[in-house]
Each structure stands twice: as structure tokens, then as C-alpha cells.
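Here's the structure we're looking at; comments come further down.
The values are calculated or read from the model by the stated rules, or taken from the named source; none is laboratory data. All values reported here derive from a predicted model rather than from experimental measurement. Counting neighbours? That spans all protein chains shown, and the Cβs are built from the backbone with ideal geometry, glycine included.
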Amino acid sequence: MRFTLAVIIAVALIVAVVLLLADTSWAATDWKAQAQKNYHHAVTHSRLVGGGHVIEPREEAGYYREACRLNRYVERTWRKIRNPQPLRNAGDWAPLLKHEGWPSVAVPHAIYIIRRESGGRPEAKNPTSSATGLFQILATMYPGRNLYDPVINVDTALQLYRSCGWSPWRVN
């Protein structure tokens, strides 16, 4: 009986080890490549928020450590891009528009739309319709989306812009 139990446990352990080794998520990460990727993302964020110079990954510091440092920078600046505080005007949303992929030629006009539709307030709601958020997108057209979230609102507006141009906002 003890011998059978020991064999079963040994086989289970071998199977578990084989499955873990076969799982690609456990594969060694190329930390140098990850650090470089995080560096380029951090430089983009630095330009968007008007930050200072971002230090490139240094081999002597260890690429894992550098990847983590740069990732923390990206997370910090993402909070500034996603929710500029305090909001002074609609132009504060320009970094988010650029980050989310708006064409640079369309950003000034998008800021004009944000200023006109919501005054730059992501919590804006039209009292007579379901128009919601920065771009005052009709919530009834996008059920299940939290259009009060600036990122979701900007992405939805970008989809509208790509499919219909400025016509959903009737710009004169």
C-alpha cells in the first residue's frame, strides 16, 4: 500500500514538473529586450507629459531592475495622462488623445470638440439625452461601456472619428 502511494505521488510530481516546464509563461524572460521596450514606452510618456530626460537601461544596474524602474515610470506617467489633475481646460486631454492614437492633425480639433461638448469634464452628462463623457457619446449606442472613463470615451470617439469623420459632432 505504501509503495503504491509513493509511486502515485512520484508520478504526480513528475507530471506537474513536466507541465510547468512546458508552460511558456514560465520561460525565461529576455530582460534586456523588456527593458528596451519599457524605455521606449517611458520616452513616449515623457514627451506626452512634458517630463524630463528618461535614463536608458544600464547593464551594470541589471536589466530586470531597469525594466521594473522604467515600468514604474510608465505607470506614474499613465496616471497623469489618464486623469490630469487639476483640470484647467480641455487641452489637458491632449496627451491622452496622442497616447490613444489620435492623428496629430486631428488632436486640435478633438480638443475643440471636448471643450464644446463637456468643457473637459469626464463626468459630464447631457440632461436631455444619454450623451456622456468628454466627447458626449451616446451611451445608448454603446451599452456596457463606461463612457465616463476618459480612456474608453477617447477610444470610442476615435473609432467614431475613423468611421465617420467629424460628422457625429456636427462641427460647423
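Computed quantities for the displayed model
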{"item": "Pair list, Cβ under 6 Å, 6 or more apart: region 37-58 residue touching a residue at least 24 places away in the same chain (Cβ under 8 Å) and assigned by TED's automatic domain parsing to the domain that holds ASN71, other residue in a loop (DSSP other than H, G, I, E, B) and of a type in the set (A, V, I, L, M, F, W, C)", "result": "ALA42/VAL54; SER46/VAL54"}
{"item": "Some residue of region 113-133 being under 22 Å from ASN38 (Cα atoms) and either surrounded by fewer than 20 Cβ atoms within 10 Å (Cβ to Cβ) or not small (Gly, Ala, Ser) (or both)", "result": "no"}
{"item": "Some residue of region 113-124 being of a type in the set (Val, Ile, Thr) and without any contact (Cβ under 8 Å) to a residue 24 or more places away in the chain", "result": "no"}
{"item": "Among residues of region 134-155, those that are under 21 Å from the mean Cα position of the chain (by Cα), surrounded by fewer than 19 Cβ atoms within 10 Å (Cβ to Cβ) and either among the polar types (S, T, N, Q) or under 15 Å from ARG82 (Cβ atoms) (or both), counted", "result": "6"}
{"item": "Members of region 93-107 found to be surrounded by fewer than 20 Cβ atoms within 10 Å (Cβ to Cβ) and within 18 Å of SER167 (Cβ to Cβ), listed by number", "result": "PRO103, VAL105, ALA106"}
{"item": "Meets criteria (of a type in the set (Lys, Arg) and surrounded by fewer than 15 Cβ atoms within 10 Å (Cβ to Cβ)) for ARG170", "result": "yes"}
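So that you can scan it fast, the table gives a plain yes or no per residue for (1) of a type in the set (Val, Ile, Thr); (2) on the phi > 0 side of the Ramachandran plot; (3) modelled with pLDDT under 90:
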site: ARG69; (1), (2), (3): no, no, yes
site: ARG82; (1), (2), (3): no, no, yes
site: LEU87; (1), (2), (3): no, no, yes
site: LYS125; (1), (2), (3): no, no, no
site: SER129; (1), (2), (3): no, no, no
site: GLY133; (1), (2), (3): no, yes, no
